[in-house]
1. Pairing rule first: another cysteine's C-beta must sit under 4.7 Å. Under that rule, which cysteines of the chain stay single?
2. Using the beta-carbon distance between residue 216 and residue 104 and R0 = 35 Å, what value does 1/(1 + (r/R0)^6) give for FRET efficiency, to the nearest 0.05?
3. Modelling each spin label as a point 7 Å along the Cα-to-Cβ direction, I'd like the residue 44/residue 190 distance in nm, to one decimal.
4. Can you tell me how much longer the chain between residue 13 and residue 302 gets when fully stretched, taken as 0.36 nm per residue apart minus their C-alpha distance, in nm with one decimal?
5. For residue 55, list long-range residues whose amide hydrogen, built 1.01 Å from N in the peptide plane, is under 5 Å from its own amide hydrogen.
6. Tell me what the chain gives for mean residue ellipticity at 222 nm when only DSSP H runs of n ≥ 4 count, each as -39,500 (n - 2.57), the sum divided by the residue total, rounded to 500 deg cm²/dmol.
7. Give me the net charge for the shell around residue 76: Cβ to Cβ below 12 angstrom, other residues only, Lys and Arg +1, Asp and Glu -1.
8. At what distance in nm do the modelled label points of residue 316 and residue 226 sit from each other, each positioned 7 Å from its Cα along Cα→Cβ?
Amino acid sequence: MAGIYIHVPFCYTRCSYCDFYKTTDQQLKDEYIKALCKEIELNRTFFLKEDIQTIYFGGGTPSTLSISELEKIILTLKEFASFKNLQELTLEVNPDDVNEEYIKDIVALGVNRLSMGIQSFFDSHLRKMNRRHNADQAQRAIHIANEMGIKNMSIDLIYGLPYMTFDEWKENVRLAIASNVQHISAYHLTFEKGTLYYDYLKKGKLKEVPEESSIEQFDYLVSALKDAGFEHYEISNFSRKGLESKHNSNYWTGMKYLGLGPSAHSFDGINRMWNVRDLRKYCHALLNDQSYTEKETLTDTDRYNEFVMLGLRTQKGFHLDFMETFNSKIKHHFNNELRHQLKQNNVVVLDGFCFVSEERKMITDSIISDFFYVD
Ligand code: SF4
């Protein structure tokens, strides 16, 4: 079983907080499609061996691709991979790319899940984030997708914005619930190096929100979505029952995935590979039979740290039996830390699974770092 991630690096504008690999130069689209199709072909052995369950078009902004460009990619995938057990085909879309015809066309291509970058329902926030859509377009896009029968839609929200009041956050959560979507991802703003917001932070033009505000916003999110019937299945992700993101859940449980496109990462269970984070270099390498990817073999320590990090972010946690796959030093460290974390009521062990207790969810990151093992 495996998933495929396709990175579409094109955006029309740069959001002030974003550090995903992207370009606003649309000129290399044709070359990108050619290079991507070549990369698909080069991975024919992977497609022969693996049962593909999920495909995820992320970015960047996949909805900057035309329907014929998307079709070309999907048809090339179908040439080499079997779609017979495909459960989920997700496309990330920007609200202002959505209209009735667009939804009809992507559904015809097999897309059965949408992930929409809403971020906020307030124009003032969207402008400050340099998003290219406005609040009306956000509402309209969700409405169209609902009307067109999309039954598996996720929206993204951002909290911890320095200029957002608690009442505005409550309103964003209320509108997200009222929008009748099946999945909500909510991420706290982080100031990543290389972004405009990082510069603003360094120059004192923006300040991080106090920790109490972050906790207040997160606690409100969790309780409001719980009351509305959403399951909190991963620290930043909430869904209606049975509509968790299958693709992302596979990442969190350590399944194999193949990443295609510039900057995309892959994991085969032992090795991690990553493609060059530069569209021009990516296209040039692929189209001239040169190397475009790097690889590292995970050590036991890397595997353990990653396993603990991904597992503890999920509601279900990880099964303790899995610890048997690590060396004795790591097992010893884990058992000591587990005893300590259980005493603090930070984690719970139930039916063999270890997970973060409900009341400590907000400090998940610090619990995870306590579990980390350093050689
Ligand atoms: S947040 Fe999305 S749309 Fe905005 S710049 Fe980043 S990848 Fe592009």
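1. 11, 37, 283, 354
2. After rounding to 0.05, the efficiency reads 0.25.
3. 3.9 nm
4. 100.5 nm
5. 4, 88, 89, 90
6. Values: 14 runs with 153 residues, N = 375.
When only DSSP H runs of four or more count, the value is -12500 deg cm²/dmol.
7. Around residue 76, the surrounding residues sum to 0.
8. Spacing of the two 7 Å Cα→Cβ label points: 2.0 nm.
Each value in this text was obtained by applying a stated rule to the coordinates, not by laboratory testing. Please read these numbers as outputs of a predicted model, since none were measured by experiment. A quick note on method: Cβ atoms are made from the backbone with ideal geometry, for glycine too, and the neighbour counts reach across all protein chains shown.
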